[in-house]
Amino acid sequence: MPREKSVISKILIFAIFVGLEVASLLILLNNGALQRTWIAGISHSFMAKTWGATQSARSYFSLKKQNDELALENHRLQEAIRRYENSFIASDSASVVVVEDGFSFTPAKIVKSSANSQHNYLILNKGSDDGIRQNSGIVTPKGVVGIIDAVSRHYSYALSFMNTEMSISARLGRDGVVGPLVWDGLRSNGAILKEIPLQIKFAPGDTVFTSGYSSIFPADIPLGVAGTGKVVNGATNEISVSLFQDHKTLKYVTIVDNARMEEIEEIEKLQEEKR
Amino acid sequence: MRNNYNWTFLLLVVAQLLLCNYFHFTPYVFLTLLPALILCLPTRIGTTGALFIAFGLGLTIDFFAEGLLGLNALALVPVAFVRKPLIELIFGKEPFEHQENLSVQKYGSLRISLALIIALALFLVIYILADGAGTRPFWFSAIKLVASLFASWLLSLVAVHLLSDDER
């Protein structure tokens with residue numbers, strides 16, 4: 001019994017202490033504006049922390065639901081990507097062709113290529129069924145890749161630019177001199193611009209473009225930048241060119257077909273016969 | 001000689017009022033005798049009685065001094081709440097069992113000082129925090145606490161000497 005009395009007494013003393021402290025605090029708050037603001041700030045901070053903790057706990061327990069929702073969203077997005085990819089493949093197989101100045105452009109994918117010999121080649125996934133013809137050019141936004149050499153129904157065989165037999169007509173600068181551009185036989189992005197007259201001034205860093213003089217490639221496709229030159233046989237310059245397109249990293253290309261090629265060839269043939 | 005004690009207690013309350021009203025030499029020092037007055041209450045007065053005395057005393061000082069009403073009461077009530085455990089911790093159970101009041105002669109200045117410093121620190125921490133209301137930088141409050149603690153401790157030792165007259 002005395003022990004119980006002692007506990008009750010302690011509780012009572014504590015209650016009196018709390019009551020007197022609260023009374024003091026209330027009196028203080030009624031008389032001090034600064035104290036009122038301070039206590040209000042503490043109170044708001046405490047409430048914010050309490051609510052924040054409650055909210056965190058609530059968020060934690062709702063994570064499973066959020067995970068489920070995210071999984072559903074993820075599934076929906078994956079479905080959308082799959083649909084998009086399927087539609088892309090369908091349009092790709094139908095050979096989307098864009099015609100510009102007599103040139104038609106057909107996207108293609110390299111299915112096989114060689115890069116380690118002096119006579120490198122490419123095999124593309126587009127053939128005669130897609131309207132691909134022999135002697136069509138192959139380009140990318142970064143330059144010239146090769147020329148179609150043979151065509152089957154579904155595939156094309158092309159000579160890569162990395163082929164010592166390949167030569168394309170190139171121009172030094174947009175309005176500069178034209179010469180044949182050939183692979184340097186060493187690097188996958190190295191070439192040599194030949195037959196540049198000695199009197200032609202150039203500077204390392206000049207851009208080299210397709211000339212448009214051949215009926216295979218459109219004009220003004222940027223190919224690379226000029227490096228140093230050297231005099232050959234005392235008659236012409238040979239300029240090293242660093243190509244924009246690294247031929248070892250190729251995967252997707254565009255086949256360029258000149259619909260007026262026959263017309264050009266016919267008129268050439270006619271003139272030769274007249275001579 | 002309870003009458004003597006009561007008069008001394010009353011004089012010390014008046015002294016505290018004078019300190020509150022006229023001691024404004026520096027904002028870094030706040031002089032108080034109130035924790036010593038509560039600590040040296042006769043041991044026959046229990047915690048409940050001490051709580052009410054502290055509350056009343058605090059309000060009286062607040063009312064007559066140029067302070068905020070409730071500020072001294074807020075800081076002094078906790079001193080009364082810890083008075084018994086503090087005395088038992090430093091002086092043992094003897095003072096309450098034999099209803100012996102605290103005296104410097106019996107318990108020595110060192111133990112009296114220790115009890116005073118703890119009581120003063122508790123009072124001053126609450127007082128300075130509530131008085132500053134979050135507007136004072138920490139360093140100011142810290143300097144004020146240390147300076148006030150030292151000054152009030154010296155003053156409180158004198159008060160305890162006066163209150164703990166053996167003839168009481």
Go through (1) within 21 Å of B:Leu68 (Cβ to Cβ); (2) free of Cβ contacts under 8 Å to residues at least 24 places away in the same chain; (3) not aromatic (Phe, Trp, Tyr) and name the single condition B:Arg111 misses. (1)
Filter pass, B:Pro27 being in a loop (DSSP other than H, G, I, E, B) and more than 13 Å from chain A (Cβ to nearest Cβ): yes
Within segment B:6-46, count every residue that is farther than 17 Å from B:Thr60 by Cα, of a type outside the set (Ser, Thr, Tyr) and open to solvent by 30 Å² or more (accessible area, probe 1.4 Å). 8
For segment A:226-263, what are the residues that are within 20 Å of A:Pro180 (Cα to Cα), open to solvent by 50 Å² or more (accessible area, probe 1.4 Å) and not in a loop (DSSP other than H, G, I, E, B)? A:Thr228, A:Lys230, A:Val231
Per the filter on segment B:47-76, residues closer than 22 Å to B:Leu162 by Cα, hydrophobic (A, V, I, L, M, F, W, C) and surrounded by fewer than 20 Cβ atoms within 10 Å (Cβ to Cβ) are B:Ile53
Of the residues that make up segment B:47-64, is at least one farther than 17 Å from B:Ala159 by Cβ and away from chain A (no Cβ under 12 Å)? yes
Do we find that B:Ser113 is polar (S, T, N, Q) and crowded, with 16+ Cβ neighbours inside 10 Å in this structure? yes
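The values are calculated or read from the model by the stated rules, or taken from the named source; none is laboratory data. Just so it is clear, the structure is predicted and the values come from calculations on it, not from any experiment. Cβ coordinates were reconstructed from backbone atoms using ideal geometry, including for glycine residues, and neighbour counts include every protein chain displayed. Note: accessible area is taken over every heavy atom of the protein model, side chains too, but ligands, DNA and RNA are not part of it. Shrake-Rupley method; radii C 1.70, N 1.55, O 1.52, S 1.80 Å.
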